[in-house]
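The values are calculated or read from the model by the stated rules, or taken from the named source; none is laboratory data. The structure presented is a predicted model; accordingly, all values stated were derived computationally and were not measured. Backbone-built Cβ (ideal geometry, glycine too); neighbour counts: all protein chains shown.
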Amino acid sequence: MARFDVYANPGSHATTTPYLLDVQSDPLDGLDTRMVIPLRFSSREMVS
């Protein structure tokens, strides 16, 4: 099981939220979904 892995955000908000942190744990493993934390820039300036 992936846990604390970081993935590039393939979604439409990738410019403001470029990465997703996977925080799935064993009790949530039976769900047909993943629990992720969006990783955003700390300021409004974007890295290009």
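For the range 35-48, which residues satisfy the criterion of being in a loop (DSSP other than H, G, I, E, B) and modelled with pLDDT of 80 or more? Met35, Arg40, Phe41, listed by residue number.
Yes or no, residue by residue, for (1) of a type outside the set (Ser, Thr, Tyr); (2) in contact (Cβ under 8 Å) with a residue 24 or more places away in the chain:
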{"position": "Arg3", "(1), (2)": "yes, no"}
{"position": "Val6", "(1), (2)": "yes, yes"}
{"position": "Ser12", "(1), (2)": "no, no"}
{"position": "Thr15", "(1), (2)": "no, yes"}
{"position": "Leu21", "(1), (2)": "yes, no"}
{"position": "Ser25", "(1), (2)": "no, no"}
{"position": "Asp29", "(1), (2)": "yes, yes"}
{"position": "Asp32", "(1), (2)": "yes, no"}
{"position": "Pro38", "(1), (2)": "yes, yes"}
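Evaluate the range 9-25: report whether one residue or more is outside any loop (DSSP other than H, G, I, E, B), at pLDDT 90 or above and among the β-branched types (Val, Ile, Thr). The answer is no; no qualifying residue exists.
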